[in-house]
1. Going 7 Å from the Cα of Ile213 toward and past its Cβ, which residues in segment 84-124 have a backbone nitrogen under 14 Å from where you end up?
2. Between Lys229 and Val198, what FRET efficiency comes out of the Förster formula 1/(1 + (r/R0)^6) with R0 = 41 Å and r the beta carbon distance, rounded to 0.05?
3. What distance in nm separates the two pseudo spin-label positions at Leu62 and Ile21, each 7 Å out from Cα along the beta-carbon direction?
Amino acid sequence: MKMALSEFALREKGIYGVLHIVILLLSLFLVVSISVDTFKGIPFYTQTVFMKVQFAVCVLFLLDFILEWFLAKHKVRYFATHFVFLLVAIPYQSIISWAGWTFSEEITYLLRFIPLVRGGYALAIVVGWLTYNKASGLFVTYLTTLLATVYFSSLAFYVMEHGVNTLVTGYGDALWWAFMDVTTVGSNIIAVTVTGRVLSVLLAALGMMMFPIFTVYVTSLVQRRNQKKQEYYKELQGGDIK
């Protein structure tokens, strides 16, 4: 019976698409929730509704991992290559709340972003469906990842530096800092907290890794266009000779 169920599910490849879309939508919900709580200064641990919803989202992520592992032909390989998705699906915040543990403000806030790693993987797959070739899909995925990282970093920077750093008077300052830092240009806003300094280093490193990819992508587009022009001119010349 187990083999029959597995074979049936493997034939129905559409189930993977549904799962990835659901995960992506749930991740977007978490992003909106984190943003609203950040801008309004709401302590999310006091929100029973949010805690229940986030717990439900993490449970769905765990069920998705178990289902995909069950459907995988090579289960050991799948577990080894996707183990990180199991780790990020664990509802750490609910466990901390139930256990009554206390951590610093930085840790409790940053823990909220952990489930979004799973959403990023789903986003990469969905983007691959919507793009016409692998290079474009990879480029859009990198671009989306970069923008998402800049946004999340600006939120964390705003929470940690606002009220402590006189240069951060509003979220706009944090967003400006994030964009300037990821371009490795830098800004006049200097982090004063440990978390802010760590984010400054990570964003700059991410920018140095990501922007060369954009250059390579644009170069490949130009080369491909030039190649098509050359092929077109060769066809014209061949037609004239005939």
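Readers should treat all values here as calculations from the given coordinates under stated rules, not as data from a laboratory. Because the structure is a prediction, the values reported are computed rather than measured. All Cβ positions, even for glycine, are placed from backbone atoms using ideal geometry, and neighbour counts span all protein chains on display.
1. Hits in segment 84-124 for Ile213 at 14 Å: 120-124.
2. My answer for the efficiency is 0.30.
3. Each label point is offset 7 Å from its Cα along the Cβ direction, giving 2.7 nm.
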